Amino acid sequence: MPKKQLHSSTPSPHFSSSILTVLRIAIVLSLLVLACGVAGANEHKVSTKPCVTDPADLAGLSGDTSSDVHAIKTYSETANHMLHGGKFDELDCLADSLWSNRDKFSGGFWKLHNLYVGLGEPLLHPTHEDWTTHMALVRKWVSAKPQSITARVVLAQSYIGYGDDARGTGYADTVSESGWRLYEERYRKAQQVLVEAEKLPAKSPEWYVAMLVIARGQGWEPIKSRALADEAIKFEPGYYYFYRTYADSILPKWNGQPGDSEKFLTESADRIAGDAGDILYFQVGSFLICGCDNDVKLSWSRIQKGFAALEKKSGPAIENWNSLAHVAVAVHDPVVAGEMFAKIGDQWSESTWKQYSYYSSSKEWAQGAAGFAIHKRTAEDAANANIETPDGQHYDQLFADKVKGWLQQCMAGMEGSDLGNFELLIKLDQDGKIEDWTGDGQSPLTPCMGHKFVEVRDAKAALLPPPPKPGWWVRLDFHTKDPAAAALK
């Protein structure tokens with residue numbers, strides 16, 4: 001909602017004094033909220049114990065994700081600077097406050113998780129010296145605060161990051177023997193730290209996130225990993241990082257089979273149901289979709305529903321706009337991508353796009369393809385509406401019979417070939433002649449089918465009898481799994 005503006009006319013001296021008094025009170029209250037580490041959590045109870053007092057730290061922790069795409073990154077970096085400043089008491093206080101109040105940024109991002117992100121490894125591209133300094137700092141925190149669940153979990157996460165650093169980012173066969181040894185050793189240390197931390201009276205959801213990462217990295221048995229994920233979800237059903245981490249761990253590149261992640265996410269979202277289920281679907285689905293070969297197959301419509309529900313519930317966030325645009329590019333929807341790019345402007349997310357060149361080229365693609373996509377979507381809507389009528393069903397059957405004969409001719413000699421998939425939309429005038437067509441897909445059949453349609457169009461011959469009304473759209477979806485059906489929608 002838009003912010004309320006003060007009236008532009010000049011108020012009386014008494015009225016000005018009142019406004020200033022209210023503003024002073026509001027500023028003081030805002031600083032108190034920030035000092036407790038719970039800015040923007042009006043729906044939650046607020047701790048009265050101040051956690052952070054340094055103005056620079058307060059500024060770094062008070063970013064607004066609805067207007068600044070760097071707000072979360074700045075938040076995490078501020079936590080890292082506090083660690084290097086030895087502010088262990090303040091970090092413990094802040095973590096406890098964020099967890100007890102279930103604090104989130106606009107857009108639904110948990111502040112606690114992003115606090116840990118900033119504490120689990122050195123900034124930028126760390127060297128061996130950076131890692132040595134970081135590990136020493138965290139061990140010092142654990143020694144100074146042995147009952148701190150935050151310090152223990154950060155130590156475990158640091159061992160995980162240190163192990164990943166030793167392994168590197170290449171394929172398994174590119175990792176040296178010493179790299180594997182250090183990786184496994186540091187993961188074992190991380191697991192040992194978490195096992196010991198489990199005995200502490202205080203609990204943290206990030207304990208489960210770290211243990212789920214260990215389960216993935218160590219290749220736990222599926223039953224054991226799933227049991228851990230179920231326990232985490234029971235601990236805090238709304239902490240969507242559990243779902244993300246586990247769904248990622250059962251991708252084929254890790255410990256799963258094709259379709260495992262999709263099935264888990266769908267079942268989880270269905271169990272929650274309603275807007276909350278759709279929100280989870282967006283939060284996890286947008287994380288899983290990479291826009292690469294062998295990408296996960298998720299419901300694009302449900303991702304969009306979840307995005308809309310999340311924005312309505314938790315407010316806008318530029319990071320979420322970037323995520324939806326990225327998925328829209330991956331599923332080849334330039335219309336939605338273009339809408340998001342227009343909102344994003346120059347606030348592109350490095351965590352989403354990795355390189356500005358990818359963001360820029362995707363934006364250009366959306367701008368160029370949007371016109372075609374809008375035309376196709378209009379045709380689809382018209383064809384789908386037509387098939388809902390009795391006359392439309394009868395007419396589509398005539399179209400199916402006609403096109404099946406052409407398909408059989410075009411498929412001759414292609415036995416054993418990958419015929420792909422395609423969508424075909426044809427618009428007929430009042431005489432049954434071809435007026436327009438569109439569609440998409442990839443198939444070796446499309447040149448042959450296109451040639452036949454061009455022949456009919458150029459001959460100005462009627463493809464079919466007169467349709468129920470002029471400007472009639474029909475639709476054909478060809479699927480390799482069932483090419484004979486060539487089912488019309």
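A few points about this structure:
- Contact order normalised by residue count of region 179-337, Cα under 8 Å, 6+ apart, percent: 15 percent
- Of (i) 37, 29, 21; (ii) 28, 25, 23; (iii) 52, 31, 19, the label for semi-axes √(5λ) of the Cα gyration tensor in Å derived from the coordinates: (iii)
- With a simple spin-label model that places each label point 7 Å from the Cα along the Cα-to-Cβ direction, the separation between Ala382 and Asp436 comes to 0.5 nm.
- The listed peptides 123-136, 177-190, ordered by packing as a protection proxy, come out as 177-190, 123-136 (highest mean of other Cβ atoms within 10 Å first).
- Averaging the sequence gap over all C-alpha pairs within less than 8 Å and six or more residues apart, then dividing by the number of residues, gives the chain a relative contact order of 9 percent.
- The angle between the Cα long axis of helix 71-84 and the longest principal axis of the Cα atoms of the chain comes to about 30 degrees, rounded to the nearest 10.
- Among Cys448, Ala412, Pro466 - extreme Cα towards positive end, dipole of region 389-478, charges at beta-carbon: Pro466
- Inter-part distance, region 329-406 to region 208-229, computed on C-alpha centroids, equals 38 Å.
- Rounded to 10°, Cα long-axis angle of helix 205-218 versus longest principal axis of the chain: 60 degrees
- The mean sequence separation of alpha-carbon pairs under 8 Å and at least six residues apart, normalised by the residue count of region 389-478, gives a relative contact order of 38 percent.
- With respect to the chain, whose longest principal axis is taken over its alpha-carbon atoms, helix 334-344 is tilted by about 30°.
- Fewest-first ordering of Ile160, Ile387, Ile214 by other beta carbons within 10 Å of each residue's beta carbon gives Ile387, Ile214, Ile160.
- Residues Val142, Val195, sorted so that the one with the fewest Cβ neighbours within 10 Å comes first: Val195, Val142
- Counting neighbouring beta carbons within 10 Å and listing from fewest to most, the residues Thr65, Thr389, Thr438 come out as Thr389, Thr438, Thr65.
- FRET efficiency estimate (nearest 0.05) - Cβ-Cβ, His332 to Lys145, R0 60 angstrom: 0.75
- The count of lysine pairs in region 389-478 with alpha-carbon distances below 17 Å, taking only pairs 8 or more places apart or on different chains, stands at 12.
We did not get these values from a lab; they are worked out from the coordinates using the rules stated. Predicted model only: the values in this text are computed from it and were never measured. Positions of Cβ are backbone-derived with ideal geometry, glycine not excepted, and every protein chain shown enters the neighbour counts.
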